[in-house]
1. Enter the angle in degrees (range 0 to 90, nearest 10) between the Cα long axis of helix 144-157 and the first principal axis of the Cα atoms of the chain, meaning the one along which they spread out most.
2. Once R0 is set to 35 Å, what does the formula 1/(1 + (r/R0)^6) return for the Cβ-Cβ distance between residue 56 and residue 266, expressed as a FRET efficiency to the nearest 0.05?
3. Could you size up the charge dipole of region 131-241 around its Cα centre, putting +1 on the beta carbon of Lys and Arg and -1 on that of Asp and Glu, and report it in debye to the nearest 20?
4. Please report the antiparallel percentage of DSSP beta bridges with both residues in the chain, rounded to the nearest 5.
5. Bin by bin, in steps of 10 Å, what percent of the Cα pairs in region 2-235 do you find, going until the bin that has the longest distance?
6. Check cross-link reach from residue 254 to the aspartates and glutamates: straight Cα distance under 20 Å, and skip same-chain residues fewer than eight apart.
7. Which is farthest toward the positive dipole end of region 115-155 among 140, 155, 118, measuring Cα position about the Cα centre, with Cβ charges +1 (Lys, Arg) and -1 (Asp, Glu)?
8. Treating only the Cβ atoms of Lys and Arg (+1) and Asp and Glu (-1) as charged, compute the dipole magnitude of the chain about its Cα centre; round to the nearest 20 debye.
Amino acid sequence: MIRFNNVSFAYEGSEELAVRNINLHIDKGEFVGIIGPSGAGKSTLVSLINGVIPHFHRGDYYGEVLVCGKDTLESTCGEISRHVGSVFQDPEAQMVTTVVEDEIAFGLENFNVPAGEIEKRITESLKMVGIEHLRHRGTAALSGGQKQRVTIAAAIALRPEILVLDEPTSELDPQGSRQVFQTLKRLNQEYGMTILIVEQKVMLLSEFCSRLMVMEKGQIILDGPVRQVLEHHDKLLELGINCPRVVTLTKLLKDASLYDGDIPVDVDEAEQVVRKILEGAYDQHTAFDLSLR
Ligand SMILES: Nc1ncnc2c1ncn2[C@@H]1O[C@H](COP(=O)(O)OP(=O)(O)O)[C@@H](O)[C@H]1O
Ligand SMILES: [Mg+2]
């Protein structure tokens with residue numbers, strides 16, 4: 001679905017590369033999370049996928065990006081948007097109309113989706129992100145979190161093969177953020193939508209994504225299945241990435257030689273780990289008791 005061959009990019013007027021020598025391959029149906037400190041190149045990477053680079057940002061561009069087999073340099077942004085839906089970091093910059101339902105309809109009309117189908121998709125996508133009640137509201141008066149949900153609904157309504165989201169939950173509370181991830185999971189599972197999400201909330205990434213990429217200074221420094229990447233606990237901490245508490249706990253247990261299995265990615269799995277250790281301790285204890293008798 002997505003392939004980067006030795007891609008580097010420097011924004012016009014900047015001497016430093018925003019991303020450097022990126023080689024990347026993402027298959028259909030992957031659900032990829034991207035984390036990293038500010039300035040690491042996460043947004044630049046996303047812009048290279050949806051064609052914002054090189055079509056809107058000028059600069060020095062090296063290598064090639066293939067989306068659905070086509071070089072983005074040789075496609076127009078319109079052509080790329082047939083395959084790639086985008087949710088940008090700043091919802092304001094993305095909104096083009098003044099009423100919520102028009103915002104969803106806009107892209108659909110551009111894609112010549114029939115009127116009856118547009119109606120269906122508006123209802124469905126608003127419902128998916130939990131904002132049916134905002135349908136007829138003006139966009140200007142919405143909160144930041146509501147605007148984020150509108151841009152997510154607009155992107156989802158187009159049912160793209162690939163969806164890229166750049167910090168789409170930055171203004172949502174924990175419950176709202178979780179709801180967005182649940183919606184993405186559904187799209188990923190039901191439609192096989194390929195999803196790439198830049199996100200600061202590691203706990204959500206580790207729970208929902210199948211693959212995690214960590215960026216630092218324009219490069220992808222870790223890339224793999226979530227559990228494998230979370231093993232690099234110390235590196236993540238060094239980058240200022242707050243590991244989920246279940247990962248920190250497991251790390252402590254491993255350091256104390258009490259556990260050497262896979263890293264749990266949610267509280268239920270962590271509970272199983274702790275239970276096993278306690279049961280083991282209990283068995284040892286009773287064995288000791290018995291030997292005394
Ligand atoms: N429009 C731009 N013009 C010039 N430099 C930019 C622009 N956008 C980002 N950069 C620079 O590119 C680097 C990577 O930025 P970015 O991709 O936005 O990182 P992240 O999303 O990880 O915070 C940073 O050094 C940033 O200052
Ligand atoms: Mg960014």
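Each reported figure results from applying straightforward, stated rules to the coordinates on display, with no laboratory input. What you see is a predicted model, and the numbers here were worked out from it, not measured in a lab. All Cβ positions, even for glycine, are placed from backbone atoms using ideal geometry, and neighbour counts span all protein chains on display.
1. That works out to roughly 70 degrees.
2. Using R0 = 35 Å, I get an efficiency of 0.35.
3. Computed charge dipole of region 131-241: roughly 440 debye.
4. The answer is about 55 percent antiparallel.
5. 8, 33, 37, 19, 3, 0
6. Within the straight-line limit of under 20 Å, residue 254 reaches these aspartates and glutamates: 231, 234, 238, 262, 266, 268, 269, 271, 279, 283.
7. The residue sitting farthest along the positive end of the dipole is 140.
8. Taking the Cα centre of the chain as origin, the dipole is about 340 debye.
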